[in-house]
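These notes concern the structure reproduced below.
The values are calculated or read from the model by the stated rules, or taken from the named source; none is laboratory data. None of these values were measured; they are calculated from a predicted model. Note: ideal-geometry Cβ built from the backbone for every residue, glycine included; neighbour counts use all protein chains shown. These area figures cover heavy atoms from the full protein model, side chains too; ligands, DNA and RNA do not enter into them. Shrake-Rupley method; radii C 1.70, N 1.55, O 1.52, S 1.80 Å.
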Amino acid sequence: MRDQGRLVEWFDDKGYGFIQPNDASKDRVFLHIKDFARQGPRPIVGCALEYTVLLDGEGRFRAQQVMYLKASQTQKILAKPKNLNGQTQKLKPMQIACVAYILALAVFTIAGLLSGMVLLFISIMNAMTYWMYAQDKEAALLGNRRVPEQTLHILSFLGGWPTAWLAQEKLRHKTQKQPFRKIYFCTIGLNILLILWLISPLNFLKF
């Protein structure tokens, strides 16, 4: 699929950089000097490019058959219409789910159904989850060793799924990869079942 974007980062001594697609909701795309369709001037930050997007063996979006674009060739992206009343957009379902989850944990803890240690543990898991996603994003961009997806899923299952969603949105990471997303949503369901078991009479561990 052909797409357009602008070069936002370029390491000329190493011969690679990153393209930000015109559609800001899309992840940045890795570009190597060898990926140009034909030889031309050295790339400079800000230049408009057209390219084909592929997913390489390291899980990165990579540009192929890259071509320089003139200003007249760039696609115009229509801005989203603003609310006439100046109101903010409605909350996304996942935002509502994250807030509801946090409030439920607080209520269960205050009611004595859930130990404060469990709440502390989940808080630590959320902090670790966001940090792990950030490390994996950086590794993907630099071509370094990645954080295993199994580790990200385990952290999500242990209660870190709210910040996992936040990291996916803010870092634009793992938002389009399948089956990662399906497994991620499964970890949410499993975590909720775990919490329900902890507050139920069936919990023989009493913590």
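Please list 3J(HN,Hα) in residue order for the stretch 184-199, calculated via the Karplus relation 6.51 cos²θ - 1.76 cosθ + 1.60 where θ = phi - 60°; whole Hz, with x for glycine and proline.
4, 5, 5, 5, 5, x, 5, 5, 4, 4, 4, 4, 4, 5, 5, 8
Take the solvent-accessible surface of the protein heavy atoms, probe 1.4 Å, and return the percent of it on the chain that carbon and sulfur atoms account for.
Accessible surface attributable to carbon and sulfur in the chain totals 63 percent.
Output wanted: per-residue J couplings in Hz (rounded whole) for the stretch 123-137, from phi through Karplus 6.51 cos²θ - 1.76 cosθ + 1.60, θ = phi - 60°, x for Gly and Pro.
4, 5, 4, 5, 5, 5, 4, 4, 4, 5, 4, 5, 5, 5, 4
Could you report the accessible area of ASP27 in Å², rounded to 10, computed with a 1.4 Å probe on the protein chains as they sit in the structure?
20 Å²
On a 0 to 90 degree scale, rounded to 10, what angle separates helix 161-170 from the longest Cα axis of the chain?
So the helix axis and the longest Cα principal axis differ by about 20 degrees.
Could you check the spin-label model distance between PHE11 and LEU141? Points 7 Å from the Cα along Cα→Cβ, value in nm.
1.1 nm
If the only charges are +1 at each Lys and Arg Cβ and -1 at each Asp and Glu Cβ, what is the size of the charge dipole of the stretch 149-207 around the Cα centre, to the nearest 20 debye?
160 debye
Output ³J(HN,Hα) for the stretch 92-108: one whole-Hz value per residue in order, computed from phi by the Karplus curve 6.51 cos²θ - 1.76 cosθ + 1.60 with θ = phi - 60°, and x for Gly and Pro.
6, x, 5, 5, 4, 5, 5, 5, 4, 4, 5, 5, 5, 4, 5, 5, 4
So, for the chain, what is the accessible surface per residue at a probe of 1.4 Å, expressed in square angstrom?
Averaged over the residues of the chain, the accessible area is 63 Å².
Counting alpha carbon pairs within less than 8 Å and at least 6 residues apart, what relative contact order, in whole percent, applies to the chain?
So the answer I get is 14 percent.
So I have [x] 49; [y] 43; [z] 26, and one of them is percent of Cα pairs over 26 Å apart calculated from this model. Which one is it?
Only one option fits the structure, namely [x].
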